[in-house]
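Chemist: Here it is, the structure, as structure tokens.
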Amino acid sequence: MAAPCYLGWDFSTQQLKVIAIDEQLRVIYEDNVHFDKDLPEFKTQGGVYIHSDRLTVTSPVLMWVKALDMILEKMRSSGFNFSQVKALSGAGQQHGSVYWKKGSIQILKNASSELPLHQSLKGCFSVSNSPIWMDSSTASQCRALEKAVGGAQQLASVTGSRAYERFTGNQIAKIYSQNPEVYKQTELVPTGAPQKRISLVSSFAASLFLGTYAPIDYSDGSGMNLLQIWEKAWSKSCLDACAPGLEERLGCPVPSHSVLGPISPYYSQRYGFSPDCKIVAFTGDNPASLAGMRLQEGDIAISLGTSDTLFLWIQEPTPALEGHILCNPVDSQTYMALLCFKNGSLMRERIRDDCASGSWDEFSKALSSTVAGNNGNLGFYFDVMEITPEAVGIHRFNRDNEKVSNFPKEVEIRALIEGQFMAKRIHAEKLGYKVLPRTRILATGGASHNKKILQVLSDVFSAPVFTIDTANSACLGSAYRAIHGLVDERNVSLADVVKLAPEPRLAVTPAPGAQELYCPLLKRYAELEQKVIYNPVPSCL
Ligand SMILES: O=C(CO)[C@@H](O)[C@H](O)CF
């Protein structure tokens, strides 16, 4: 009898990842499909299409479906025994939205196990290129939403965030205003169950496994500017401000640990999954990472991925005009605070290519060859419109705060990394977070494998940095949540579920004198940031 196991999925920006863990929480399988490399027919860059306006950013939804077909085939060819999977859950990049066309629910339910899923679903999406979190094209919808509900702070107080361009409500409002016929392709069938559904990437992915529309969970739903995070119900005023008939298209939100039902027969017939395999609600990648990193009160988690995100577990949040408060995915009585920095790994890769001949070893050598503090040189690196703060472009300043047009290559590399981490500390402290003597920084994501980068992180925060075994914390957290979903009805907390999991490992500690060195630099960085913030000249001038 094969030992039971649990799967965790992550439908992220650049790739689809999967992890399998056994009952002792040991990782027994990991795999991924990289969109650009493994699905070149979609011609994405970094998994996305950046449109000519430099603000609109989308991803082809069928690429995500085909990636699932591909990874399941890879698992099957490697001899993975699907019948041992007791439950699965997953994560998706936050804020992205998927628009199911009228009649899709039947096609999803009755997909033939003789065909890969992407062939059956190819006509199911009324929007073939889904808007995703990197999009910044909905500024007018954001202003309209804030106006409709009483202002930015009021919206933040209700939904956890002021209006953000990438947030799903504003994206839906844009589709409704620009393509009303696409939006209105819904008609209520006599049963009242709407034919059309708008999913998040997370609930879309859950739907693929469930064989019917999966609900949005409270935690990822907190990233839409539509959910009342205190009552955990849609805000009628927000829904109405975005598009008509939105509530029946979204369905009812559910607690993140909900067991949604058994896996669709498609997977039992095609891959040999047990018909008893349970699907636990999917959530956003960052909430799933919080679960995967087993965050505790007082820790700061930093996910160094396509976007860099900083998040922490918080009991009594105070939503503000910066950052986000989300329902906590592992404890629906508490919350998580999140700061997103859009210019993350793609920015680091671009500087690596320009200044280190595309080599991480050369990049790391440059960090080692330059002094902490970079002799007072500071940089702001935003190839795409940044979220935190709202700024774009590359801005370099020398020790006398004079703008300079370039740095030597190794100085550029250090200025990038120090700048990225100083921004994180400054904005975390603005959210009210205090770096205390017991503060632990838990790092995950691709760059968390690079100790030279982690050393800068530790020095800037003047705190020890820990890492977990795998950089795929969203996958791992999803596998943990699959177990949690099964035992939750017995009131077992996630902490109890994962107590066997390997503890985060100490990776680096701050260099002596780091606090004294970076305090004045952090002050300068905050002041210079005010100079680079995006102040569009009013078009009337
Ligand atoms: O927008 C973000 C969080 O608000 C990003 O971290 C996405 O979740 C990355 F997929």
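Chemist: Exactly one condition in (1) touching a strand residue (DSSP E or B) at 6+ places or on another chain (Cβ under 6 Å); (2) under 14 Å from THR159 (Cα atoms); (3) part of a loop (DSSP other than H, G, I, E, B) is not met by ASN225; state its number.
Modeler: (1)
Chemist: Right, another one. Which residue, of ILE394, ILE325, ILE314, ILE387, is touching a Phe, Trp or Tyr at 6+ places or on another chain (Cβ under 6 Å) and modelled with pLDDT under 95? Give the derivation first.
Modeler: On the way: ILE394 fails: modelled with pLDDT under 95; ILE325 fails: modelled with pLDDT under 95; ILE387 fails: touching a Phe, Trp or Tyr at 6+ places or on another chain (Cβ under 6 Å).
Answer to the selection: ILE314.
Chemist: Continuing with the same structure: Failed condition for ASP331, given (1) closer than 27 Å to LEU88 by Cβ; (2) buried (at least 20 other Cβ atoms within 10 Å of the Cβ); (3) charged (D, E, K, R); (4) more than 15 Å from the ligand (Cβ to nearest atom), with all others met?
Modeler: Every listed condition holds for ASP331 apart from (2).
Chemist: Return yes when LEU431 is among the aliphatic types (A, V, I, L, M), modelled with pLDDT under 95 and surrounded by fewer than 18 Cβ atoms within 10 Å (Cβ to Cβ) and no when it is not.
Modeler: no
Chemist: Something else now. Within region 371-385, does at least one residue satisfy the condition of being surrounded by fewer than 19 Cβ atoms within 10 Å (Cβ to Cβ), over 29 Å from MET134 (Cα atoms) and without any contact (Cβ under 8 Å) to a residue 60 or more places away in the chain?
Modeler: Yes: region 371-385 contains one or more residues that are surrounded by fewer than 19 Cβ atoms within 10 Å (Cβ to Cβ), over 29 Å from MET134 (Cα atoms) and without any contact (Cβ under 8 Å) to a residue 60 or more places away in the chain.
Chemist: State yes or no: is ALA20 within 19 Å of LYS278 (Cα to Cα) and either crowded, with 16+ Cβ neighbours inside 10 Å or touching a strand residue (DSSP E or B) at 6+ places or on another chain (Cβ under 6 Å) (or both)? Steps first, answer last, please.
Modeler: Values: within 19 Å of LYS278 (Cα to Cα): yes; either crowded, with 16+ Cβ neighbours inside 10 Å or touching a strand residue (DSSP E or B) at 6+ places or on another chain (Cβ under 6 Å) (or both): yes.
So ALA20 passes the test.
Chemist: Another one. Looking at region 207-222, which of its residues are over 27 Å from VAL158 (Cα atoms) and either among the small types (Gly, Ala, Ser) or assigned to a loop (DSSP other than H, G, I, E, B) (or both)? Explain how you work it out, then say what you get.
Modeler: Quick first cut of region 207-222, residues over 27 Å from VAL158 (Cα atoms) only: 207-212.
Once the filter is applied, which keeps residues that are over 27 Å from VAL158 (Cα atoms) and either among the small types (Gly, Ala, Ser) or assigned to a loop (DSSP other than H, G, I, E, B) (or both), region 207-222 yields SER207, GLY211, THR212.
Chemist: Also: Taking into account only those residues within region 311-328 that are assigned to a strand (DSSP E or B) and more than 10 Å from the ligand (Cβ to nearest atom), which is farthest from the chain's Cα centre (by Cα)? It would help to see each step written out before you state the result.
Modeler: Step one: of region 311-328, the residues assigned to a strand (DSSP E or B) are 311-314, 324-327.
Restricting the remaining residues to those that are more than 10 Å from the ligand (Cβ to nearest atom) gives 312-314, 325, 327.
Details: LEU312: 14, TRP313: 16, ILE314: 18, ILE325: 14, CYS327: 14 Å.
The extreme case among them is ILE314.
Chemist: Is there a residue being hydrophobic (A, V, I, L, M, F, W, C) and closer than 30 Å to ILE107 by Cα anywhere in region 309-318? Break it down into steps so the answer makes sense when it comes.
Modeler: The initial filter retains those residues of region 309-318 that are hydrophobic (A, V, I, L, M, F, W, C), namely 310-314.
Now restrict to residues that are closer than 30 Å to ILE107 by Cα: none.
Looking through region 309-318, none of the residues is hydrophobic (A, V, I, L, M, F, W, C) and closer than 30 Å to ILE107 by Cα.
Chemist: Would you tally the residues in region 334-352 being part of a loop (DSSP other than H, G, I, E, B) and either within 13 Å of the ligand (Cβ to nearest atom) or of a type in the set (Phe, Trp, Tyr) (or both)? Outline the logic, then answer.
Modeler: Of all residues in region 334-352, those part of a loop (DSSP other than H, G, I, E, B) come to 334, 342-344.
Adding the requirement that they be either within 13 Å of the ligand (Cβ to nearest atom) or of a type in the set (Phe, Trp, Tyr) (or both) leaves 342-344.
So the count comes out to 3.
Chemist: Sticking with this one: Taking region 282-309 only, how many residues are without any contact (Cβ under 8 Å) to a residue 40 or more places away in the chain and either buried (at least 24 other Cβ atoms within 10 Å of the Cβ) or within 16 Å of the ligand (Cβ to nearest atom) (or both)?
Modeler: Qualifying residue count, region 282-309: 1.
Chemist: Here is a further query. Can you name every residue in region 145-180 that is part of a loop (DSSP other than H, G, I, E, B) and within 16 Å of the ligand (Cβ to nearest atom)? Reasoning before the result, please.
Modeler: Step one: filter region 145-180 for residues part of a loop (DSSP other than H, G, I, E, B), giving 150-151, 160-167, 179.
GLY160, SER161, ARG162, ALA163, TYR164, GLU165, ARG166, PHE167, listed by residue number.
Chemist: Please state which one of LEU476, LEU522, LEU494, LEU431 is closer than 24 Å to ALA391 by Cα and under 21 Å from the mean Cα position of the chain (by Cα). First the steps, then the outcome.
Modeler: Values: LEU476 fails: closer than 24 Å to ALA391 by Cα; LEU522 fails: under 21 Å from the mean Cα position of the chain (by Cα); LEU494 fails: closer than 24 Å to ALA391 by Cα.
Answer to the check: LEU431.
Chemist: Would region 247-268 turn up any residue that is within 16 Å of the ligand (Cβ to nearest atom), part of a loop (DSSP other than H, G, I, E, B) and not basic (Lys, Arg)?
Modeler: Here is the first cut: in region 247-268, the residues within 16 Å of the ligand (Cβ to nearest atom) are 256.
Remaining after also requiring part of a loop (DSSP other than H, G, I, E, B): 256.
In the following step, the residues that additionally are not basic (Lys, Arg) were identified as 256.
Yes, some residue in region 247-268 is within 16 Å of the ligand (Cβ to nearest atom), part of a loop (DSSP other than H, G, I, E, B) and not basic (Lys, Arg).
Chemist: Within region 438-452, how many residues are assigned to a helix (DSSP H, G or I) and either more than 15 Å from GLY344 (Cβ to Cβ) or in contact with a strand residue (DSSP E or B) (Cβ under 6 Å, 6 or more places away or on another chain) (or both)? Spell out the reasoning first.
Modeler: Taking region 438-452 and keeping what is assigned to a helix (DSSP H, G or I), we get 446-449, 451-452.
Subset that is either more than 15 Å from GLY344 (Cβ to Cβ) or in contact with a strand residue (DSSP E or B) (Cβ under 6 Å, 6 or more places away or on another chain) (or both): 447-448, 451-452.
The number of residues fulfilling the criteria is 4.
Chemist: Which condition does VAL460 not pass, out of (1) touching an Asp or Glu at 6+ places or on another chain (Cβ under 8 Å); (2) over 16 Å from ASP308 (Cα atoms); (3) buried (at least 21 other Cβ atoms within 10 Å of the Cβ), if it passes all the others?
Modeler: For VAL460, the failing item is (2).
Chemist: Then there's this: Just name the residue that is surrounded by the fewest Cβ atoms within 10 Å (Cβ to Cβ) out of those in region 311-328 that are among the β-branched types (Val, Ile, Thr) and closer than 15 Å to ASN286 by Cβ. It would help to see each step written out before you state the result.
Modeler: If we filter region 311-328 for residues that are among the β-branched types (Val, Ile, Thr), which is where we start, we get 314, 318, 325.
Remaining after also requiring closer than 15 Å to ASN286 by Cβ: 314, 325.
Numbers: ILE314: 19, ILE325: 23.
Checked region 311-328; the qualifying residue surrounded by the fewest Cβ atoms within 10 Å (Cβ to Cβ) is ILE314.
Chemist: Return yes or no: is ILE279 away from the ligand (no atom under 16 Å from the Cβ), part of a strand (DSSP E or B) and either within 27 Å of GLY151 (Cα to Cα) or out of contact with any strand residue (DSSP E or B) (no Cβ under 7 Å at 6 or more places or on another chain) (or both)?
Modeler: Numbers: away from the ligand (no atom under 16 Å from the Cβ): yes; part of a strand (DSSP E or B): yes; either within 27 Å of GLY151 (Cα to Cα) or out of contact with any strand residue (DSSP E or B) (no Cβ under 7 Å at 6 or more places or on another chain) (or both): no.
Considered against the rule, which asks whether it is away from the ligand (no atom under 16 Å from the Cβ), part of a strand (DSSP E or B) and either within 27 Å of GLY151 (Cα to Cα) or out of contact with any strand residue (DSSP E or B) (no Cβ under 7 Å at 6 or more places or on another chain) (or both), ILE279 comes out as no.
Chemist: Oh, and also: Residue under question is LYS122, and the condition is that it be surrounded by fewer than 22 Cβ atoms within 10 Å (Cβ to Cβ), assigned to a helix (DSSP H, G or I) and away from the ligand (no atom under 16 Å from the Cβ); does it hold? Steps first, please.
Modeler: On the way: surrounded by fewer than 22 Cβ atoms within 10 Å (Cβ to Cβ): yes; assigned to a helix (DSSP H, G or I): no; away from the ligand (no atom under 16 Å from the Cβ): yes.
So LYS122 does not fit the description; no.
Chemist: Can you tell which of LYS232, LYS236 is at pLDDT 95 or above and in contact with a Ser or Thr (Cβ under 8 Å, 6 or more places away or on another chain)?
Modeler: Numbers: LYS236 fails: in contact with a Ser or Thr (Cβ under 8 Å, 6 or more places away or on another chain).
That would be LYS232, the only listed residue that is at pLDDT 95 or above and in contact with a Ser or Thr (Cβ under 8 Å, 6 or more places away or on another chain).
Chemist: Just checking, how many residues over region 409-463 are polar (S, T, N, Q) and at positive phi?
Modeler: Residues flagged as polar (S, T, N, Q) and at positive phi within region 409-463 amount to 1.
Per-residue answers, yes or no, for (1) modelled with pLDDT of 90 or more; (2) of a type in the set (Phe, Trp, Tyr); (3) part of a helix (DSSP H, G or I); (4) in contact with a helix residue (DSSP H, G or I) (Cβ under 7 Å, 6 or more places away or on another chain):
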| site | (1), (2), (3), (4) |
| --- | --- |
| ALA471 | no, no, no, yes |
| HIS484 | yes, no, yes, yes |
| LEU506 | yes, no, no, no |
| ALA511 | yes, no, no, yes |
| CYS519 | yes, no, yes, no |
| LYS523 | yes, no, yes, no |
| ALA526 | yes, no, yes, yes |
| GLN530 | yes, no, yes, no |
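The values are calculated or read from the model by the stated rules, or taken from the named source; none is laboratory data. Bear in mind that the values here come from a model prediction, so they are computed numbers and not experimental data. Cβ coordinates were reconstructed from backbone atoms using ideal geometry, including for glycine residues, and neighbour counts include every protein chain displayed.
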